[in-house]
Structure formats: C-alpha cells, structure tokens
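Trainee: This is the structure I have questions about; it appears just below.
The values are calculated or read from the model by the stated rules, or taken from the named source; none is laboratory data. From a predicted model like this one, the values you see are computed outputs, not experimental measurements. With ideal geometry, Cβ positions are generated from the backbone for all residues, glycine too; neighbour counts draw on all protein chains shown. Accessible surface is based on the protein model in full, side chains and every heavy atom, while ligands, DNA and RNA are left aside. Shrake-Rupley method; radii C 1.70, N 1.55, O 1.52, S 1.80 Å.
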Amino acid sequence: MDWTAWSLDPSLLYVIPAGVLYWLGGRRQYRTSRSEPRRELAFAAGLLTIVLALDSPVDHYADLLFWVHMCQHIMLLSVAPPLILLGRPWPRMWRALPMGARVSVGRRITQARWTAPLRAVARPLPAWIL
C-alpha cells in the first residue's frame, strides 16, 4: 500500500473551519458534563473519517479497486455522519460566532417564509414518515 498517495484536495478545506468553530465554541464553556470529552472525540473522529475517506490513499485506491470505493461509501455514509452528530456540533459552533451575527442570522431565518416548510418537515412525525 502506498501511504504517500495523499491527494491534499482543496475541496476538503471545510474541515478546518468546522474544527476551528467547534473548538472556539467549546473554549468558553464550563465543563459540567462528563459527556463533553466524548462528544469532542466523536466530532474529531467524524472529521478524521471524512479526511481519510477523501484525501488519503483510500481515495487513490478507490479509483483502482471497486471494493475500496464501496468502503469509501461506507465511511462517508455510515461512519462519519453518526460520529459528527454524536459531537452535537451546531450549538457549539453557533456559540463561536459573535452575538450580533447570531442574533441577525437567527432573526432572518425565523422570519423568512422559505423556512416554514422546512420547519414543518423537521417535526418528528413528518420526518419519521419521510
């Protein structure tokens, strides 16, 4: 296996700001919960899984071998999303933004007409049916 086949694809640059926002959002929080280190680890493992699937030699061999390509799908669809969601990133990343930006964006989203159908679909029963 060629471990030098890292592609360093610039399309994965979103991983860095996501990690920074997550870190900044948790920096000021007092650790009152024992689950916080587990959440941090889960989020970091989810981001690492994405990077390994798309930037490591796995991506190189996915072009050559179909089974590696399918393992890449498993990593991206079955491993990374649950790990990231276990990290509970949105509240923490939201806290990393300045208060003025949070208030402005929050008001725009809650008052926008286009969010009403999204909120209706995001309720438990419609989401479960979908």
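Trainee: Ignoring ligands, DNA and RNA, what percent of the 1.4 Å accessible area of the chain is carbon and sulfur?
Mentor: 69
Trainee: What translational D, rounded to a whole number of µm²/s, comes out for the chain from Stokes-Einstein when the hydrodynamic radius is the Kirkwood one over Cα pairs, at 4 °C and 1.567 mPa s?
Mentor: D, rounded to a whole number, is 75 µm²/s.
Trainee: For the range 34-84, take the alpha-carbon Rg, divide it by the Kirkwood Rh, and send me Rg/Rh.
Mentor: 1.10
Trainee: What ranking, highest mean first, results for peptides 50-60, 111-121, 13-23, 85-95 when packing means the other Cβ atoms within 10 Å averaged over each residue?
Mentor: 50-60, 85-95, 13-23, 111-121
Trainee: Separation between the Ala116 and Ser104 pseudo-spin-labels, each 7 Å from Cα along Cα→Cβ, expressed in nm?
Mentor: 2.6
Trainee: When the Karplus curve 6.51 cos²θ - 1.76 cosθ + 1.60 is applied with θ = phi - 60°, which whole-Hz ³J(HN,Hα) does each residue of the range 84-93 get, with x for Gly and Pro?
Mentor: In residue order, the calculated couplings are 5, 5, 5, x, 6, x, 5, x, 6, 5 Hz.
Trainee: Something else now. Across 5 Å bins from the origin, how do the percents of Cα pairs in the range 62-130 run, short distances first?
Mentor: Per 5 Å bin, starting at 0, the Cα pair percentages come out as 3, 13, 11, 13, 19, 15, 11, 8, 6, 2.
Trainee: Highest mean first, what order results for 123-130, 65-72, 97-104 on Cβ atoms within 10 Å?
Mentor: Packing order, densest peptide first, comes out as 65-72, 97-104, 123-130.
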